Amino acid sequence: MAMYWKKVAMILALCEVLGGCGQQLPIPDADPSAPVSGETTPGTEGETTPPVEVEPDPTPTLEAQVTETAATAGTLTRRTYALENGDTVELLSLEAQGPTTAGAEVYSITIPSNSTMRLCKADGSGWQETTAAPGTYQTSLLMVDSGEAGSFMAYIPQGWEEKENDCRRNLGIGAVVVTAAEDGNCTLTLTAPALNTGNTAECMLAQSPEALVDWNQKGVPSLWATYTNLGDGRWCYDGYYWITYSNYIPTGPDVYFQMSAAYLCRSMLAMAPYNRLADDLAPCMMDVMAQRQNEYGYFATSAGSEWLLGDYGIGAGFYDTRFNTDLMMMFLDAWERYEFPQFRETARIYADFFTAYVQNHSRTTAGGGLLVDDYYHPNGNLPTHTSLNHQVAQNILVYRLGTILDRPDLTALGDRMLLAVTDTEQSWIRPDSSLHYAVYSDGHFGGNDYPYLTYNDLYDMQAYLTETRGSRNESLDRLMASKKAWMDANGVTQYKK
């Protein structure tokens, strides 16, 4: 835990640099009944207590309590995290036992009637601010500040219909209902949209005895207004979902698939050092995502892909190396920040899977490098291509895994993956100075590269090599220079600088 308190000090210092987040992580009070080493205790005058042996602090833990209760409209499952700083994060899922009209209660809380309610506008353009008063309010993200009574945040319940391949169709959003209560308080109720039998209404909320968000901090209101839980990415009871692509199975309006790369988690982790709410949500969301690791060790893309099925015989529940790489980078970031054992264990299991995967799903280059296949299904498939962005991004991940897990075999694997790129350097460069998207199983290079994604991956790889080894890779520099020439000629400016 010594490392934990060093991080607390670092966080507080960062808050001061940023103008103050208004929060301090609480330090546990000493037991007032415990004698201080060296002082006398009642009934033992003249004697002194021996110095107390201080046992090592226990490993930080993050555990959820999962309960299931009967509700008016069906069965309510609640996943509750009681955090060390006194805050609480909860995920709720109401499963309807029969057809229900809009308005079924999912959650309620009592708040002072003088509380400030902030309702995020649907288009992410800002906030509607009002004092709590009886009525029905429409929003997808609610923030409540009640002064000394604390604060509250909620993603409003959204309705879901289960589809094939662990996908789901969105049924709309519920509402916030405020009613007058006794003693100058109000009852705030989160309600569900209309549901049919077997549909669910799901939401996430956080509570704190202190302010979750410092609304006076520059940029904070507009920042949180972008996390409305609407649009392409949705956070649900069991993790992150993304709108299906047109060639996915199933697809259609408002149909979402289980997305391995939980980009909302990455945003929360980035904000965590200077935002209490994000610091509460990030580890809990990552713990939810950890439950999705399958028996093989990877995180499946739940939907099927007509393209992958047709070209490679890959069905639903496939392994996508890029999505998994992005998610595993988040787990390593979460481990380094919070030190919760499940994050490191998730990384270890994935590392074991990946080292075994590479043995049978890669191609060896002339110098002994390894080009790793982008996609896989445990039921079998044809060899796939290797795209440059997948190869480079997961190369960084493998190096980080080697360092964090103290695994020299992973570091050696990373070296072979980097060698594969340097071996094939010239083959990646197109006549127009852009880069080929991938190398295919028959050895030919082709496809149209992304406008700037691959350049950013090369940039990150060079930054990692410079930080950890003190030097850059010349082959990567030449690939970057070629790609940048193409970006400059085509007006692409979003790349990392």
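Observations on the model:
- Structural descriptor for the range 454-497: relative contact order 47 percent, calculated from alpha carbon pairs under 8 angstrom and at least 6 residues apart.
- Gained length - Ala102 relative to Asp477, 0.36 nm times residue gap less alpha-carbon distance: 129.2 nm
- For the chain, complete DSSP H runs whose alpha carbons reach 20 Å or more along their own long axis and whose mean Kyte-Doolittle score is 0.0 or higher are 2-17, 276-290, 388-404, 408-423.
- Total charge dipole magnitude, the range 392-493, about the Cα centre, Cβ charges on Lys, Arg, Asp, Glu only, Debye to nearest 20: 100 debye
- Length-normalised contact order for the chain - Cα pairs under 8 Å, 6+ apart - percent: 10 percent
- Helix-only [θ]222 nm of the chain, DSSP H runs n ≥ 4, -39500 (n - 2.57) each, per residue, nearest 500: -10500 deg cm²/dmol
- Note that the chain presents 45 Å² accessible area per residue, ligands and nucleic acids not counted, probe 1.4 Å.
- Beta bridges by DSSP in the range 129-188, antiparallel share as percent, to the nearest 5: 100 percent
- Peptides ranked, highest mean first, by Cβ atoms within 10 Å: ranges 322-333, 369-380, 104-115: 322-333, 369-380, 104-115
- Label selected from [x] 23.2; [y] 24.0; [z] 25.3, the criterion being Kirkwood radius over Cα pairs in Å as computed here: [z]
- The chain - percent of accessible surface contributed by carbon and sulfur, probe 1.4 Å: 51 percent
- Counting 0.36 nm for each residue step from Glu148 to Gln359 and taking away their Cα separation leaves a gain of 70.1 nm.
- Using θ = phi - 60° and Karplus 6.51 cos²θ - 1.76 cosθ + 1.60, couplings along the range 443-451 (whole Hz; Gly, Pro as x): x, 8, 9, x, x, 8, 6, 4, x
- Integer Hz, Karplus 6.51/-1.76/1.60 couplings in order for the range 432-437, x for Gly and Pro: 8, 6, 6, 10, 5, 5
- Take the Cβ atoms of Ile109 and Glu336, set R0 to 35 Å, and the FRET efficiency comes out at 0.55.
- For Tyr107, the residues 5 or more places off, or on other chains, whose built amide H falls under 5 Å of its own are Leu190.
- The range 94-125-the range 273-302 distance, computed between alpha-carbon centres (Å): 24 Å
- Close amide H contacts of Thr365 (hydrogens built in the peptide plane, cut-off under 5 Å, sequence separation of 5 or more or a different chain): Leu370, Leu371.
- Net charge contributed by nearby residues that have their C-beta within less than 14 Å of Thr72 (K/R +1, D/E -1): -2
- Protection-proxy order for peptides 249-260, 351-362, each taking the mean of Cβ atoms within 10 Å per residue, highest first: 249-260, 351-362
- Length-normalised contact order of the range 360-465 in % [C-alpha pairs under 8 Å, at least 6 apart]: 28 percent
- Most positive-pole-ward Cα, Ser305, Val144, His436, against dipole of the chain from beta carbon charges: His436
- Cα gyration tensor, the range 290-341 - rounded (a/c under 1.5), prolate or oblate: prolate
- Couplings 3J(HN,Hα) of the range 179-186, computed from phi: 10, 5, 10, 7, 6, x, 9, 10 Hz, in residue order, whole Hz [Karplus 6.51 cos²θ - 1.76 cosθ + 1.60, θ = phi - 60°; x for Gly and Pro].
- Label positions at Gln291 and Ala122, each projected 7 Å from the Cα along the C-beta direction, are separated by 3.0 nm.
- Spin-label proximity, Ala70 to the range 79-114 - amide N less than 16 Å from point 7 Å beyond Cα toward beta carbon: 95-98
The values are calculated or read from the model by the stated rules, or taken from the named source; none is laboratory data. Quick caveat: nothing in here was measured; it's all calculated off a predicted structure. Because the Cβ atoms are built from the backbone with ideal geometry, glycine has one as well, and the counts that use them run over all protein chains shown. In case anyone asks, the SASA skips ligands and DNA or RNA and just uses the protein heavy atoms, side chains included. Shrake-Rupley method; radii C 1.70, N 1.55, O 1.52, S 1.80 Å.
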